[in-house]
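Heads up: the structure comes next, in structure tokens.
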Amino acid sequence: MILHFYFARRFTAFFIRVFVLFFLFLFLFDLVSQLRSFSSIISFREVFILTLLNTPEVLYQMMPLIMIISAAAVYISLSRSNELVISRNTGRSAMQALIGPMVVTIFLGGMLVTVFNPIVSATSALYLDLKDSYSNQRRSVISIGAEGLWLRQGNENGQTVIRAERANFDGSVLYGVSMLEHHPDGGPKRRIEANSASLQGSEWWLNKTKVWPLISGINAEENAREHEWLRVPSNLTTDQIQDRFGKPSTVSFWALPVMINQLKSAGFSARRHEVWYQTEIARPLFLVAMVLIGAAFTMGHSRQRSMGLGVLMAILLGFGLFYVRNFAQILAENGQLPVTLAAWAPPLAALFLGLGILFQAEGG
């Protein structure tokens, strides 16, 4: 038990070092990029805050690589100091030397999903809002609530707020539509009610429509007009609508089940969010597999050349598995793979692959 705690403590120390190094590297790299984009618009302090908000999302995606490097580093260190040799001479196998680090990885994976994930989603959303405000962009906003679907589109002619009771699967057709158009100065322009609205090109085609002019000094009801068809300009596209709802990484892990139910109630496909939710649940298992792979290629090496080759092979294999995992996720989002299979098969395959390499090295 004491040896397990010792290996776990060594792994935790290396993980913290690698994590901090990655954070600093990603932060400085992104800081340079943000300075190029905003140095002439905002102060260095505001650029610094933007970078600080954007870095956690990138760091979160890099966690598998951080785990591989941490595992490789700790077992290279243990091999150089002959501590692994001493451990094996006492009758302990390679798997027993991995129990402590794997327990730490499971704990860290759980903390990443339940604690760090909500932080990342919050900082990412705040980063997008600040970035758009600094660049004076009129970003279209889409949200779903208990009262239906809400969209906001904007251009130089003003903003339009759209509410719909429901939509089709891709958001190209809305039902039970209400629109409120505003002037560029923020004042109301007109109100529109329609049975349905179909997004065709750069316009909404509204069917069975009634329009109320919202002009000071004019009775809106007396001047209301009904139209069989009415076209309203739009800067939204179906891809943008799907992307707004289709980027589940901006939604907290704890809010994903509610978001999935709201999407389904509004008529949208929640498949992307379901895939992401299952993938997040399986993330600790995938991180454990990365630790196994990092250890499998470095536990038996003590020579400099063998160490370098082992680390390189571990990182390349980790990138390959990460690519396979993302590819399976895309297939599931497109409906070509079951959600559960796409989320759990890559981590399980990576886990068994790591165990196989480890047992082969141990047997050799």
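Any read-out appearing in this document is the output of simple, stated calculations on the displayed coordinates, not a laboratory observation. Every value quoted in this text rests on a predicted model; they were computed, and no experiment measured them. Ideal geometry is used to build each Cβ from the backbone, glycine not excepted, and the neighbour counts take in all protein chains shown.
Annotations
- Ellipsoid semi-axes for the range 141-235, based on the Cα gyration tensor and the rule √(5λ), read 21, 16, 13 Å when sorted largest first.
- Relative contact order for the chain, counting Cα pairs under 8 Å that sit 6 or more residues apart, in percent: 18
- Exposed-site-free run, longest, the chain (rule: GluC sites (Glu not before Pro); DSSP loop; at most 13 other C-beta within 10 Å): 1-146
- HN-Hα J in Hz across the range 190-205 - Karplus 6.51, -1.76, 1.60, θ = phi - 60°, x for Gly and Pro: 7, 10, 10, 10, 8, 5, 8, 9, 10, 7, 10, x, 9, 9, 8, 9
- Take every pair of alpha-carbon atoms less than 8 Å apart whose residues are at least six positions apart; their mean separation over the length of the range 182-339 yields a relative contact order of 14 percent.
- Computed E for residue 231/residue 348 - FRET, C-beta separation, R0 51 angstrom, nearest 0.05: 0.50
- Computed across the range 1-73, the Kirkwood hydrodynamic radius from all distinct Cα-Cα pairs reaches 13.9 Å.
- Short-range pairs are left out: with C-alpha atoms under 8 Å and at least six residues apart, the relative contact order of the range 141-235 is 19 percent.
- Once Cα Rg over 2.2 N^0.38 Å is calculated for the structure shown, the corresponding label among (1) 1.29; (2) 0.96; (3) 1.13 turns out to be (1).
- Taking the centroid of alpha carbons for each part, the range 177-231 and the range 1-34 are 55 Å apart.
- For residue 234, distant residues with modelled amide H under 5 Å away: 203, 204
- Net charge dipole size for the chain [Lys, Arg +1 and Asp, Glu -1 on Cβ; Debye, nearest 20]: 1160
- Each of residue 119 and residue 336 was given a label point 7 Å from its Cα along the Cα-to-Cβ line. The distance between the two points is 3.7 nm.
- Proximal charge balance of residue 264 [Cβ under 11 Å; K/R count +1, D/E count -1]: +1
- Nonlocal amide H pairs with residue 337, under 5 Å, H built at 1.01 Å: 332
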